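One structure is given below, encoded as structure tokens.
The values are calculated or read from the model by the stated rules, or taken from the named source; none is laboratory data. All values reported here derive from a predicted model rather than from experimental measurement. Don't worry about glycine lacking a Cβ; one is built from the backbone with ideal geometry, like all the others, and counts go over all protein chains shown. Surface areas here come from the heavy atoms of the whole protein model, side chains and all, with no ligands, DNA or RNA. Shrake-Rupley method; radii C 1.70, N 1.55, O 1.52, S 1.80 Å.
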Amino acid sequence: ERRERKRKLSKEMAEKATRELEKMQLQEKAEEKYKEWLKKKRAEEAEKKKKEKEKEKEREAELQEKRTRSEKIFKEWLQNARSKPQPALNGHVCPHGKSTGLY
């Protein structure tokens with residue numbers, strides 16, 4: 001009976017050790033998968049931030065270009081406005097400055 005008990009006990013201990021080993025291996029695999037997932041997630045976040053920064057730079061460049069174009073067009077308009085003759089205040093003025101409007 002002692003041998004039988006010892007054998008049973010050792011068999012139970014071996015099974016328990018096997019279960020513990022399997023449990024540890026499973027946990028290690030789970031941790032490894034989690035680390036891979038986390039790494040992938042961080043890479044995606046970094047890529048997303050990079051794309052957002054690029055879009056922001058692009059938007060800023062477009063705005064700057066638009067401002068530059070607007071300033072150029074305004075300056076051209078200003079130059080043209082200065083060189084144009086001033087219109088008469090009303091169409092009924094003589095060269096001497098007296099009104100010639102109809103009475």
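Quick grid of which residues meet (1) assigned to a helix (DSSP H, G or I); (2) without any contact (Cβ under 8 Å) to a residue 60 or more places away in the chain; (3) of a type in the set (D, E, K, R); (4) open to solvent by 100 Å² or more (accessible area, probe 1.4 Å):
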| residue | (1), (2), (3), (4) |
| --- | --- |
| 8 | yes, yes, yes, yes |
| 24 | yes, yes, no, yes |
| 33 | yes, yes, yes, yes |
| 41 | yes, yes, yes, no |
| 62 | yes, yes, yes, yes |
| 67 | yes, yes, yes, yes |
| 82 | yes, yes, yes, yes |
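Name the one entry in 76, 52, 12 that is out of contact with any Ser or Thr (no Cβ under 9 Å at 6 or more places or on another chain), at pLDDT 95 or above and surrounded by 10 or more Cβ atoms within 10 Å (Cβ to Cβ).
Values: 76 fails: at pLDDT 95 or above; 12 fails: at pLDDT 95 or above.
After ruling out the rest, the residue left standing is 52.
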